[in-house]
Structure formats: C-alpha cells, structure tokens
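The values are calculated or read from the model by the stated rules, or taken from the named source; none is laboratory data. The structure displayed is predicted, hence computed values, not measured ones. Positions of Cβ are backbone-derived with ideal geometry, glycine not excepted, and every protein chain shown enters the neighbour counts.
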Amino acid sequence: MRSREQQDKHATIPTTKHEMLTRPVSRRVVVRAGVAGAAGIAAAGMLRPAGAAPKRGSRFGVPALLRQATGEGQRGGRLRVATTGQPAGLDMHLTAQRTITLIGWQMFEALFTFDAAYATVPMLAEGFETSEDGLTTTIRLRQGVPFHNGAEMVAADVIASFQRWAPVSSLGLAISPFLNEVVEVGPHTVEFRLSSPLVALPSMLARQAQGLSIHPKSVLDAAGSNPLPDSGYIGTGPYQFVERQADRFTLLRRFDNYASLETEPSGYAGRKAAYLDEIEFIPVPDEAARVAGLQSGEYHYLEEIIPDQIVTLQDNPDVTIEILPPRSYGVLIMNTATGLMSDVKMRQAVLAAIAVEPTAQASHGEGYFELGPGIMMPQTVWNSDVSAEMYNQGNTEKARQLLQEAGYNGTPVRLLTTQEDLGDYNAAVVAQQQLEEAGFTIELEVTDEATMEENLESDDRWEMTTNAYVFRPDPVLIPAFASCAADGQWCSDPKVAVSQRLQTETDFEARFAALEELQRLWYEEAPAVKLANNYGVAALSSQVQGLLGQMHFEIEPEFTNCWLGDA
C-alpha cells in the first residue's frame with residue numbers, strides 16, 4: 001500500500017491553531033498540510049535524553065546493521081536506479097511524492113535531519129537555541145557550504161527557501177499560524193520569532209517528504225511561484241543535477257566541492273561520502289521489467305518491489321534482498337463526517353468484524369508484515385499496546401450485535417478502492433468479505449485512482465476506503481491524528497484536546513501519555529481500522545556495497561557512503 005499524496009494550489013491557509021485542527025478543507029490540502037495539523041512536531045527522540053534507547057516494547061528500536069560491507073569505499077561508476085515512474089518535475093517544495101523524495105534528497109539538503117535513532121540533528125544548521133519563553137528560535141548555519149553553482153549558502157538563502165516553501169507545503173502550513181516573522185540576524189544566523197511556543201520547530205524543518213530543502217535565493221527569485229525549471233535544481237547536496245529526459249532518465253553527478261559533515265554516518269545524518277560518479281534514475285513503471293532488469297544487471301536498485309517478485313530474486317547470488325523495518329501500515333478509513341459511518345456504533349461494528357491477518361496476507365503476503373495494535377511504527381519510541389484487545393478482533397457476533405444497536409437496515413456501504421494500487425485493492429476485497437459475513441451490505445466501488453480521489457473529496461460519495469499511513473517519526477506528523485480534515489474527518493472534542501496536548505507539551509513522558517490517550521480514543525471512536533505493519537523491502541544488486549548499514553529507508557535512502565564493487 002502506498003500513501004496517496006496530492007496538492008491543491010488554490011488552497012487557503014488556516015490562520016489559527018484551532019482553525020488548523022477544526023476547519024474542513026479539501027482532502028488534497030490535508031494530505032499536503034495536515035501532516036502537521038496545528039503543529040508542535042517533534043521527531044521521536046528529540047525530547048528524550050541523548051542516547052536513551054527506544055522503549056515501550058519496540059521490536060526494532062534503532063535499526064540493526066543489516067549488512068555492512070567491509071573495507072574502503074571505491075570511487076567511480078554509475079548507479080542505475082529503476083523507479084516506478086518519472087515525475088513531471090523535482091520541485092520538492094511543491095509536491096510530496098515518493099520518487100521526487102528519492103531523487104531530490106540526493107541533490108538538496110535541509111537545516112536538520114534524522115539520525116539512526118530518529119532524533120533530529122543539524123545538517124545545514126550548525127546548531128540552534130530557543131529562548132526561555134519559547135518564542136524565539138535562533139538557528140546558526142554552517143559556514144563555507146557551497147551550492148552547486150559555487151555560491152556560498154547564507155541566511156538570505158534559507159529565508160527565501162522558507163518563504164517560498166511555507167505557503168505551499170505541509171509542514172510550512174503548520175508553522176505559519178505560529179510564526180510572526182523569520183529574519184536574518186547575521187550572514188549565517190536566522191531567527192524564527194513566534195507568537196506562541198512551537199514544540200520542536202527544528203523537526204518541522206528537517207529532511208522528510210516535502211521538507212524544507214534549501215536553495216539559492218537567486219534561483220527562487222527567478223522562479224517565483226512557478227515550479228523550478230531543470231536549470232533551477234541547485235542545492236548543496238553530494239550530487240548535482242545534470243540532465244532529465246522525459247520518460248527516459250534523470251542523471252545526477254558527484255559534486256566535488258560538497259561540504260560534508262565529519263561526524264560518523266548515522267541514519268540520514270553525519271558524514272556523506274559521494275563515491276559514485278553518477279546516479280541515473282530510470283522510470284520503469286512495469287514491475288516485471290524492473291525485476292528483470294535487476295536480474296540482468298541493467299539496474300542496481302529498485303525503488304519498489306512487491307513480495308510476489310521476491311521469490312523470483314531470492315536465490316540469485318547477484319541480487320541482495322533485505323527485509324526492512326515497517327514503512328507503513330494499512331488502514332480501512334471511515335467517513336465520520338456524514339452518512340452511515342457518522343454513527344460510532346457502525347464504526348465499532350466494522351472494527352469488531354475485521355480480522356487483520358487475512359487482509360495483510362492478501363495485500364503483502366506471508367513474511368512481509370507483522371501484526372500490532374500501535375498507531376505508531378514499532379521502531380519508534382512511540383510504540384504502545386494500549387487497547388490491544390480492540391485490535392484484530394474478527395468477531396462476527398459482536399459486529400452483528402453492534403449493527404443491531406445502530407439500527408442498520410442493510411443500506412449499501414460504499415467501499416472505494418482502485419486496482420492501480422493492488423495492495424489497497426486486495427485488502428478491500430478481503431474486508432468486503434468479512435464485513436458481509438457480519439451483516440453489512442458492501443458495495444465495492446473500483447475505479448481509476450483519479451476518479452477515486454475525486455469521489456473522496458465529496459462527503460456524500462463514500463463510506464469507507466483503504467489506504468496506508470506511511471512512516472513518520474512523531475504522531476503529530478500523521479494527518480489523521482493532527483487534523484480534523486484528513487480522510488474521514490475524525491474530529492471529536494476529546495481527539496482535538498489530546499492532539500493539542502501532543503502539539504504543545506515539551507516533556508516526552510507527558511507527550512507519550514497523550515499519545516496513549518489518542519490511541520485509546522482511536523479504538524473507542526473507531527475512525528479507521530488499523531491493519532498490519534508492512535515491512536519495507538530493499539532489492540539491489542550485490543555490487544552495491546555499504547548501503548545496507550545505518551541508512552534509513554523509511555523516507556527513501558540516500559546513495560552516499562555506498563559504492564559499486566564486486567558482487
């Protein structure tokens with residue numbers, strides 16, 4: 001299952017914290033803007049003591065070293081990456097899309113990033129201080145960091161990048177209600193002046209899908225509100241843009257003047273050695289063609305692979321397959337705003353009826369998922385078993401009783417899905433079978449993805465849909481938890497109150513208590529049904545050395561500190 005991330009260029013921006021939580025907006029705004037909701041976003045680990053291990057029974061904790069190559073890296077070669085398609089552009093400020101994230105963070109960098117423990121740490125920033133009243137955050141920039149055009153990165157570039165990004169990005173929209181102004185207080189110092197404290201502002205400025213990438217002010221001034229042209233893909237990253245040909249390739253080349261940190265590599269943080277001469281991203285929409293290309297040696301890395309294809313590759317000595325920590329979990333989302341599913345008894349009946357494992361078997365296959373009640377990923381510090389008894393019930397009799405209490409009369413329940421995402425579709429088919437056994441009348445509406453997205457915009461066009469919540473290091477980065485306007489529009493008073501606590505508390509234990517309260521409400525009010533945690537899969541040529549170490553894959557890998565060697 002993949003998260004569907006879209007945008008709405010005509011969206012208006014909520015102006016208060018309460019409005020960010022409660023104002024109905026279009027689905028496309030929410031998937032862009034609702035990832036932060038009212039704000040107060042902190043990466044897991046940022047508000048706990050340095051070095052503290054993830055707790056609460058996390059299976060994964062800090063990701064294990066999966067396979068670390070020995071010896072020195074070898075310079076040279078072109079890494080060929082088969083992607084699922086080629087986006088229209090690579091302007092990460094405007095669009096949160098997986099392939100853009102994969103390509104873009106090889107070229108661009110953010111002020112902050114996430115280390116191996118998912119803690120927020122400086123990248124282009126040298127450090128930051130927050131005033132005692134929480135209203136001023138001063139960020140000191142690293143000096144002597146060059147852009148690909150040779151100009152040095154300075155405070156004016158950071159401010160120009162922020163001002164372009166804030167009105168059109170998810171996290172920028174979340175920051176805006178709290179921000180009075182962002183000002184240059186020195187050539188390498190930027191100050192964020194707030195109207196009220198904003199918990200963990202650095203995490204909101206960190207490397208993530210549609211995160212704040214830093215660009216030269218001159219380039220942004222020339223582009224204005226238009227998407228960046230190919231000539232405008234100028235960042236500070238270890239690889240620089242060379243050429244892009246539609247439906248053929250995007251080519252990057254090593255930036256020899258890259259200013260790397262000297263700290264040890266850790267997740268997305270630390271030293272980044274650009275061993276590769278070039279990285280070529282080749283759009284290959286057909287899954288079988290991607291797999292065949294990896295087998296033949298034409299491609300070195302696959303952006304995506306479905307479990308069915310792993311059997312084809314697993315005995316090939318020239319291919320490495322690694323099962324990674326979960327990247328997402330499936331959800332069956334219900335329309336709480338209007339219609340049948342606005343009745344909590346109806347939603348509780350759905351929750352009672354669903355047995356999770358069959359949906360996961362259908363969508364991902366044996367060995368590529370795990371069960372777990374937590375609404376946060378198990379490798380994060382936020383994992384919790386609160387209300388575990390309400391997860392994976394598969395209780396047909398209980399569901400029938402709840403339907404009777406709701407006065408359900410057999411009216412068809414419309415379940416929207418698309419075969420363009422087979423994981424979502426297969427989960428929907430299994431859910432339909434289970435719900436009909438419990439007494440629901442389910443009308444499975446299968447359309448192309450564009451039609452489904454249009455239908456989801458209208459509250460009166462659907463009752464349920466399948467989707468996935470992708471990895472986020474903090475609960476308030478997930479739209480459904482931070483906003484009332486995400487798919488389904490879950491917006492009870494208790495949910496709004498606990499979301500505000502998550503966004504404003506500074507103490508980790510207080511925030512964790514709020515997370516557990518949110519998880520309890522999730523199961524009591526049943527705005528959606530959590531399915532299974534879906535493992536990530538890395539499929540790469542055995543020539544690729546050094547990638548499967550401390551690098552994270554949840555927000556797409558970076559191809560630094562890896563090289564092409566002997567298989």
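Would you confirm, using the coordinates I've provided, whether T441 is closer than 20 Å to T466 by Cα, touching a residue at least 12 places away in the same chain (Cβ under 8 Å), surrounded by 19 or more Cβ atoms within 10 Å (Cβ to Cβ) and of a type in the set (V, I, T)?
Spelling it out, it is not the case that T441 is closer than 20 Å to T466 by Cα, touching a residue at least 12 places away in the same chain (Cβ under 8 Å), surrounded by 19 or more Cβ atoms within 10 Å (Cβ to Cβ) and of a type in the set (V, I, T).
When only residues in region 211-228 that are over 25 Å from the mean Cα position of the chain (by Cα) and in a loop (DSSP other than H, G, I, E, B) count, which is farthest from T113 (Cα to Cα)?
Among those that are over 25 Å from the mean Cα position of the chain (by Cα) and in a loop (DSSP other than H, G, I, E, B), it is G224.
Conditions tested, residue by residue: (1) among the aromatic types (F, W, Y); (2) within 30 Å of L251 (Cα to Cα).
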position	(1), (2)
F281	yes, yes
G293	no, yes
E298	no, yes
N316	no, yes
D343	no, no
Q348	no, no
A352	no, no
H364	no, no
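Quick check on region 395-408: of everything there that is touching a helix residue (DSSP H, G or I) at 6+ places or on another chain (Cβ under 7 Å) and not in a helix (DSSP H, G or I), which residue is nearest to L456 (Cα to Cα)?
Y408
Please state which of the following conditions Q314 fails to meet, knowing it meets all the rest: (1) buried (at least 24 other Cβ atoms within 10 Å of the Cβ); (2) in contact with a strand residue (DSSP E or B) (Cβ under 6 Å, 6 or more places away or on another chain).
With respect to (1) buried (at least 24 other Cβ atoms within 10 Å of the Cβ); (2) in contact with a strand residue (DSSP E or B) (Cβ under 6 Å, 6 or more places away or on another chain), Q314 is out only on (1).
If I filter region 235-255 down to residues being of a type in the set (K, R) and in contact with a Pro (Cβ under 9 Å, 6 or more places away or on another chain), which single residue comes out as modelled with the highest pLDDT?
R254
From (1) buried (at least 17 other Cβ atoms within 10 Å of the Cβ); (2) under 25 Å from the mean Cα position of the chain (by Cα), pick out the condition that doesn't hold for F255.
(2)
Residues of region 156-188 being assigned to a helix (DSSP H, G or I), surrounded by fewer than 23 Cβ atoms within 10 Å (Cβ to Cβ) and β-branched (V, I, T), which ones?
Result: I159, single match.
Any residue in region 382-402 that is within 24 Å of A510 (Cβ to Cβ) sitting within a Cβ distance under 9 Å of a residue that is part of a loop (DSSP other than H, G, I, E, B) and of a type in the set (K, R)? List the pairs, counting only those 6 or more apart or interchain.
W382/R56; N383/K55; N383/R56; N383/R59; S384/R56; D385/R56
Return yes or no: is D256 at negative phi and not in a helix (DSSP H, G or I)?
yes
Taking region 463-499, which residues are farther than 30 Å from A116 by Cβ and among the charged types (D, E, K, R)?
Correct list: E463, D487, D493, K495.
Looking at region 409-445, which of its residues are in contact with a Lys or Arg (Cβ under 7 Å, 6 or more places away or on another chain), outside any strand (DSSP E or B) and of a type in the set (D, E, K, R)?
Residue satisfying the conditions is D421 alone.
In this structure, is A427 of a type outside the set (V, I, T), loosely packed, with under 13 Cβ neighbours inside 10 Å, within 28 Å of the chain's Cα centre (by Cα) and not assigned by TED's automatic domain parsing to the domain that holds D308?
no
With the structure loaded, tell me whether A151 is touching a Ser or Thr at 6+ places or on another chain (Cβ under 8 Å), of a type in the set (A, V, I, L, M) and surrounded by fewer than 17 Cβ atoms within 10 Å (Cβ to Cβ) or whether it fails that test.
So A151 fits the description; yes.
Considering only residues of region 310-337 that are without any contact (Cβ under 8 Å) to a residue 40 or more places away in the chain and not β-branched (V, I, T), which is nearest to A468 (Cα to Cα)?
If we take residues in region 310-337 being without any contact (Cβ under 8 Å) to a residue 40 or more places away in the chain and not β-branched (V, I, T), then Q314 is nearest to A468 (Cα to Cα).
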